[in-house]
Amino acid sequence: VRAVVLNGPHDVAVERIDDPTLTGDDGIIVAVDRTAICGSDLHYYEGHMGHTAGIRLGHEFLGEVVEAGPEVRSLRRGDRVFVSGVVGCGRCGPCAHGDPVRCDVGWQAFGTTPALPGGQAELVAVPAADAYARTVPEGLTTEQAVLLTDVLPTAHIGVTRADVRPGSTVAVVGLGPVGTLAVELALLFGAARVLAIDVVPERLSNAARLGAEPIDATAGDVVAQVRDRTAGKGAPCVVEAVGSDATLRDALLMCAVEGTVSVIGVNLNMQFPLPLAVLFSRNITVRTATASVPTTWPALIPLLQAGRLRPDDVFTHRLPLSAAAEAYATFAGRVDGCMKVLLDASA
Ligand SMILES: [Zn+2]
Ligand SMILES: [Zn+2]
């Protein structure tokens, strides 16, 4: 079968791999239907993650169960499933509650290590299936279910951990898929104002259409722009959805006194210069998190089913798996208005 393999920086290829086998009696094999490329895949694609040649990419996928181990109780052959992009051991107490981040053994993401090959492939092995795979709920589109594997849960924790409440003023830094969904969720959670910050014109106009106030980062210092719009105070709730040092610094500096900065953009810099004088004098809380994906599904699935959450504009490009190299280049270059790419693994 075919899989997307990272051979080096900016070098992905669709290659033939051996059919995956069950990871254990609690595992399933999924014949992938649709799989998305994520901003976090780009960290690998851009070569920021060290020696990753040979990694089979992808942690956002949906498909049909073609084989189930003897211990799997909740799923069977033929079920259409979506899978948490991060998984735990499947046997400990936290895993019994679908909470991979608290797993006693530790969590892993698909497509980031040789130990857990990714879902940008025709077939993928999923461990701990009862804990981390679910049948696609009634009333959800395929694309909505793919978004439940990572980006919607990440946007959800970003907003909840920013302490967004009815009437809040929220700043969202970065309007990629996760930031855009954070804008939508913040408004759904009762934010009175959402200041939506990016450099890409179509992303800003998209956020404005959702009901946010766009702030164009190319038009000058975003911290000053946020302060201008908040009577000099800054935003009490800030969601950082980029992960660069510069945007993280902006997010910390635009936060109001007693406010909260919730960081969901991936930043692995161990030497980041924290502006402690500001955080200290303004009593700012900083939170960062990896989404414990399944724990967000009880909130997100009913919102999708009820039509209250409509993440329908996130996918801008739909391509066959065979065009993965082109898909990565388009996404990484943000060309052609690209926000997020969905790959059809059957083509
Ligand atoms: Zn992702
Ligand atoms: Zn566990």
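Extension gain for residue 283-residue 268 works out to 3.0 nm (0.36 nm per residue, less the C-alpha to C-alpha distance). Rounded to the nearest whole Hz, the Karplus-based 3J(HN,Hα) values (6.51 cos²θ - 1.76 cosθ + 1.60, θ = phi - 60°) of the stretch 25-35 follow the sequence 5, 9, x, 10, 10, 10, 7, 6, 9, 10, 8, with x at glycine and proline. What is the sum of charges, Lys and Arg at +1 and Asp and Glu at -1, for the other residues whose Cβ falls under 9 Å from the Cβ of residue 121? Net charge in that neighbourhood comes out at +1.
A cut-off of 5 Å between modelled amide H atoms, ignoring neighbours fewer than 5 places along the same chain, links residue 47 with 10.
With a ≥ b ≥ c the root eigenvalues of the C-alpha gyration tensor of the stretch 237-331, is it rounded (a/c under 1.5), prolate (a/b larger than b/c) or oblate? It comes out oblate by the Cα gyration axes. Under 17 Å from a label point set 7 Å out along the Cα-to-Cβ vector of residue 329, the amide N atoms of the stretch 1-31 belong to 5-15. Peptide packing for 326-333, 121-128 was compared via the average number of neighbouring C-beta atoms within 10 Å per residue; ordered from the highest value, the list is 121-128, 326-333.
Across the stretch 325-335, rounded Karplus estimates of 3J(HN,Hα) from the backbone phi angles (6.51 cos²θ - 1.76 cosθ + 1.60, θ = phi - 60°) give 4, 5, 4, 5, 5, 5, 5, 5, x, 6, 7 Hz, Gly and Pro being marked x. Residue by residue, the stretch 282-294 carries 3J(HN,Hα) couplings of 9, 6, 8, 9, 10, 10, 9, 7, 9, 6, 7, 3, x Hz when phi is fed to the Karplus relation 6.51 cos²θ - 1.76 cosθ + 1.60 (θ = phi - 60°); x denotes Gly or Pro. Secondary-structure-derived ellipticity at 222 nm for the chain, considering helices only, amounts to -7000 deg cm²/dmol, per-run term -39500 (n - 2.57) for DSSP H runs with n ≥ 4.
How much of the pair distance distribution for the stretch 71-211 lies past 28 Å, counting alpha-carbon pairs only, in percent? Value for the stretch 71-211 (Cα pairs over 28 Å): 31 percent.
Only the coordinates and a few stated rules stand behind these numbers; no lab work does. What you see is a predicted model; the values in this text were computed from it and never measured. Quick reminder, even Gly has a Cβ in these numbers, built from the backbone with ideal geometry, and neighbours come from all protein chains shown.
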